[in-house]
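Have a look at the structure below, then the notes.
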Amino acid sequence: MDKPKIVVFTGAGVSADSGIATFRDADGLWANYRIEEVCTPEALQHNRAKVIEFYNLRRKESLTKRPNAGHLAIASLEEWADVTVITQNVDNLHEQAGSKRVLHLHGELMKLRSERNAELIYDINEGWEQSLDARGEDGALLRPHIVFFGESVPMFEPACRVVATADILIVVGTSLAVYPAASLVYYVRNREVPIYLVDPGEPNTSNIRNPLTHIKERGAVGVPQLVERLRNEFKR
Ligand code: APR
């Protein structure tokens, strides 16, 4: 039998059990920072130091974090399924856990890119600090390789195409509040594709018409349970 195609769509909640704050929970990042001051193209233009410092702090923090049981369970799906992870997260915990195909919708903390040429992308191989005057080989200033609010999401269309191939869609730890990312759940190929959601909160699922199973647990508990359940169903 062919391997089932599983697409896993994750948000900040999947990394919460690794100790990385989410955005919109009570203790989330957006309770402590104003989006328009740190995560918009205008902020980068007018308040560059603050934006760079914000991402330097995120990067410094992320270097101390390790994948949790949720990331590891997602990676283990590859033992019997054809898996693509689509993440809104800018950390690399899915990769650290061993997931082979990871598409980052909102960019990656450990990369910088030229402000002039979006194709000129650099890996940060050492440390966490981007200096304010770092430049690319085109002479332009570098910026975090992050999709800011108000910017287009170049990986959205590739992500839609991946979701359309799914036999099963798993959604973990996202409020489904930020578009276009949240609309990915509507790109499954038909109304029969089962959607599993692992989230201790109440993400916005009101428009989902597919069979939906909400496992109301945190990621490190609910994802391993779900993966075990799917493995057993597939073996039958
Ligand atoms: N395990 C799983 N899910 C959790 C946990 C946990 N331990 N703790 C919280 N959550 C859930 C919350 O219930 C919520 O549904 O994680 C979700 C976090 O939602 P947001 O903070 O809105 O994060 P996310 O959906 O990833 O945000 C989308 O917004 O600011 C931007 O670019 C940023 O990619 C991000 C986008």
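Just so it is clear, none of the values below were taken in a lab; they were calculated from the coordinates. Quick caveat: nothing in here was measured; it's all calculated off a predicted structure. Cβ: placed from backbone, ideal geometry, glycine included. Neighbour counts: every protein chain shown.
Across the options N47, T87, N32, the greatest Cα extent toward the positive end of the charge dipole of the chain (unit charges at beta carbon of Lys, Arg, Asp, Glu) belongs to T87. Here the dipole of the range 56-205 is about 120 debye; that uses its Cα centre as origin and unit charges on the Cβ of Lys and Arg (positive) and Asp and Glu (negative). Proximity of backbone amide H atoms, modeled 1.01 Å from N, is registered between I170 and V7, V8, F9, Y196 at under 5 Å, excluding neighbours fewer than 5 places apart on the same chain. Only counting other Cβ atoms within 10 Å, I'd like H104, H46 sorted with the fewest neighbours first. The fewest-first ordering by Cβ neighbours comes to H46, H104. Using only the Cα atoms of the chain, each taken as one equal point scatterer with no solvent, compute I(q) by the Debye sum, divide by I(0), and report log10 of the ratio at q = 0.18 Å⁻¹. Taken in order of the listed q values, log10 I(q)/I(0) reads -1.40. Looking at the square roots a ≥ b ≥ c of the eigenvalues of the Cα gyration tensor of the range 1-47, which shape do they give, rounded for a/c under 1.5, prolate if a/b is larger than b/c, or oblate? Oblate shape, in that a/c is at least 1.5 and b/c is the bigger or equal ratio. Between the alpha-carbon centres of the range 187-236 and the range 85-116 there is a gap of 23 Å.
For the range 107-115, backbone phi angles converted through the Karplus equation (6.51, -1.76, 1.60; θ = phi - 60°) give residue-by-residue couplings of x, 9, 4, 8, 10, 10, 9, 5, 5 Hz, Gly and Pro being listed as x. Total lysine pairs in the chain at Cα distances under 28 Å, for residues eight or more apart or on different chains: 18.
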